[in-house]
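Chemist: Handing you a structure now.
Rule-based calculations on the coordinates, nothing more; no lab input. Just so it is clear, the structure is predicted and the values come from calculations on it, not from any experiment. Note that we place each Cβ from the backbone using ideal geometry, even for glycine, and neighbour counts take in every protein chain shown.
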Amino acid sequence: MKIGILGAGQLARMIALAGYPLGLEFIFLDPSADACANNLGQHLHGAYDDPRLLAELADLADVVTYEFENVPADVAEFLASHTQVHPAPKALAIAQDRLKEKAFFQDINIPTAPYAPVNSFADLESAISHIGYPAILKSCTMGYDGKGQSLIKSATDLDSAWDVLAGAPAVLEGFVPFNREVSIIAARSVSGAIAFYPLSENTHNGGILRVAKCLDKDAAQTQAQDYITRLLEALDYVGVLALELFDVNGQLVANEFAPRVHNSGHWTIEGAETSQFENHIRAILDLPLGATTAVNKTAMVNFIGNVSSTEEILAIPNTHVHLYDKTPRKGRKVAHATVRAETTEQLDTLLKQLITLADQVDDS
Ligand code: AMP
């Protein structure tokens, strides 16, 4: 059985690593000659919309999935008309446009920040008069890790925020005064079985995820499961889905969803009975989903821009390192490490050591 993956970055690499024990083979389509999953399967080297390569991928793969949501709609449609594609193109189309995504959340009664579309400076002025300060202006498409977005604290920030967009369609969002950011990851199989992971509490540096900590048996788990179930069912979704949420005094507000395995779930490799990567594969192949129970107290730290030496990381007890085999570059996620402990106190002590190491090399 051969799985095709659009993209050959670290997410594709971790999906493949989870798939080998299940006897699977992989084929990747990626424009980068040195993409980090390349040596884990066949690499179709070229543009994501290259018709010849797409036809080859559809022909050689039994099932196609992807590691990023910005797959052009016609590419997803082409693949879906030639082979099995999970998740389906509809989830991609919604997730890649912040305005569609917010409207979809509202349609299925998942609360969001107040928002308004912005296509001109006049729209921006009118939106801010309704939403008020502070607010965040985000481009509707191609934004991730805080890219293409500006915080507007007062009228003096309006011009520069507008300039950042360079004319791209945008959405103005009210700033959510959250107590913490959490995400929930769930897998839904072809047959409709659903498995939920424990919530993850996420800390960002400059918009990029830095730390994700498993929150076992958290008070917000039930509400998060309710929201993600609505999403999974409304989209007739197959695969792993991540939903990012703001927690405002115990009330969850949706930020965005990712129709793929997610960085805030990397701790599941060592910290859950079955990793998000294995469950993604099980879901798209309609295999029984694995248990998602946390096996310990667990947290994950991203190495951004650069990574400490393996010796230094592994000198911290109960730590596992995942190098992505990517050339260090400013703001680029090049590795992550997971730390586990029996108690929350022990975890916090070890996590602090790991964050100190990551801070020393971080250039974000
Ligand atoms: P995003 O690219 O939408 O995931 O945003 C990146 C980060 O910016 C989020 O993880 C939050 O820390 C922050 N952020 C985004 N939107 C809002 C908002 N409406 N209110 C408060 N913080 C936000």
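Chemist: Quick one: which residues, 5 or more positions from Val85 or on another chain, have an amide H under 5 Å from its amide H? H modelled 1.01 Å from N in the peptide plane, none for Pro or chain starts.
Modeler: Val64
Chemist: Now for a separate question. So for the range 2-85, averaging the separation of alpha carbon pairs under 8 Å that are six or more residues apart and normalising by length, what relative contact order in percent results? Mind dumping the intermediate values first?
Modeler: Details: 151 pairs, mean separation 29.1, N = 84.
Here the relative contact order equals 35 percent.
Chemist: Order of 341-351, 3-13 by packing, highest average Cβ count within 10 Å first?
Modeler: Result, highest mean first: 3-13, 341-351.
Chemist: Can you pull the one-decimal nm distance between simple spin-label points at Arg180 and Gln42, each 7 Å off the Cα toward Cβ?
Modeler: 4.6
Chemist: Find the relative contact order for the range 114-174 and round it to a whole percent, using C-alpha pairs within less than 8 Å whose residues are 6+ positions apart.
Modeler: Worked out over the range 114-174, it gives 48 percent.
Chemist: Moving on. Which links in Lys213/Lys326; Lys102/Lys147; Lys2/Lys217; Lys102/Lys217 stretch past 26 Å when you go from one Cα to the other?
Modeler: Values: Lys213/Lys326 24 Å; Lys102/Lys147 18 Å; Lys2/Lys217 37 Å; Lys102/Lys217 28 Å.
Where the Cα-Cα span goes over 26 Å, the pairs concerned are Lys2/Lys217; Lys102/Lys217.
Chemist: Using a simple spin-label model with points 7 Å from Cα along the Cα→Cβ vector, what separation in nm is obtained for Lys100 and Met142?
Modeler: 1.6
Chemist: What does the highest-first list of 250-259, 308-317 look like by mean Cβ count within 10 Å? Could you put the intermediate results ahead of the total?
Modeler: On the way: 250-259: 20.2, 308-317: 14.4.
Ranked from most to least packed, the peptides come out as 250-259, 308-317.
Chemist: Taking θ = phi - 60°, what integer Hz values does the Karplus form 6.51 cos²θ - 1.76 cosθ + 1.60 yield along the range 129-138, in sequence order, with x for Gly and Pro?
Modeler: Couplings: 5, 8, 7, x, 9, x, 9, 10, 9, 10 Hz.
Chemist: Three principal axis extents, largest first, for the C-alpha atoms of the range 114-174, in Å?
Modeler: 26, 21, 19
Chemist: OK, next. Taking each pair of different alpha-carbon atoms in the chain once, compute 1/r for the pair, average those values, and report the inverse of that mean as the Kirkwood hydrodynamic radius in Å to one decimal.
Modeler: Taking every pair of different Cα atoms in the chain, averaging 1/r and inverting gives 21.1 Å.
Chemist: Okay, moving on. At a temperature of 25 °C and a viscosity of 0.890 mPa s, determine how fast the range 151-281 diffuses translationally according to Stokes-Einstein, using the Kirkwood radius over alpha-carbon pairs as Rh; express D in µm²/s, rounded to the nearest whole number.
Modeler: Approximately 153 µm²/s, per Stokes-Einstein.
Chemist: Now a separate question. Computed from the mean reciprocal separation of all distinct C-alpha pairs, what Kirkwood hydrodynamic radius does the range 1-108 have, in Å?
Modeler: 14.1
Chemist: Just the ratio, please: alpha-carbon radius of gyration of the range 180-361 over 2.2 N^0.38 Å, N its number of residues.
Modeler: Values: Rg = 16.0 Å, N = 182, 2.2 N^0.38 = 15.9 Å.
So the range 180-361 has a normalised radius of gyration of 1.01.
Chemist: Find how many whole Å separate the alpha carbon centroid of the range 252-309 from the alpha carbon centroid of the range 165-228.
Modeler: The two parts, judged by their Cα centres, are 12 Å apart.
Chemist: Let me ask something additional. Cβ neighbours within 10 Å, averaged per peptide: list 185-196, 120-131, 271-282 in order, most packed at the top.
Modeler: On the way: 185-196: 20.1, 120-131: 15.2, 271-282: 24.9.
So the order, starting with the most tightly packed, is 271-282, 185-196, 120-131.
Chemist: Compute a Gaussian network model of the chain, connecting alpha carbons closer than 10 Å, and tell me which residue from Pro87, Pro114, Pro21 fluctuates the most.
Modeler: Of Pro87, Pro114, Pro21, the Gaussian network model singles out Pro21 as fluctuating most.
Chemist: Hey, another quick one. GNM, the chain, Cα, under 10 Å: largest mean-square fluctuation among Asp62, Asp286, Asp226?
Modeler: Taking springs between Cα atoms under 10 Å, the residue moving most is Asp226.
Chemist: Hey, what did the chain get for relative contact order, percent, Cα under 8 Å, at least 6 apart?
Modeler: Relative contact order here is 13 percent.
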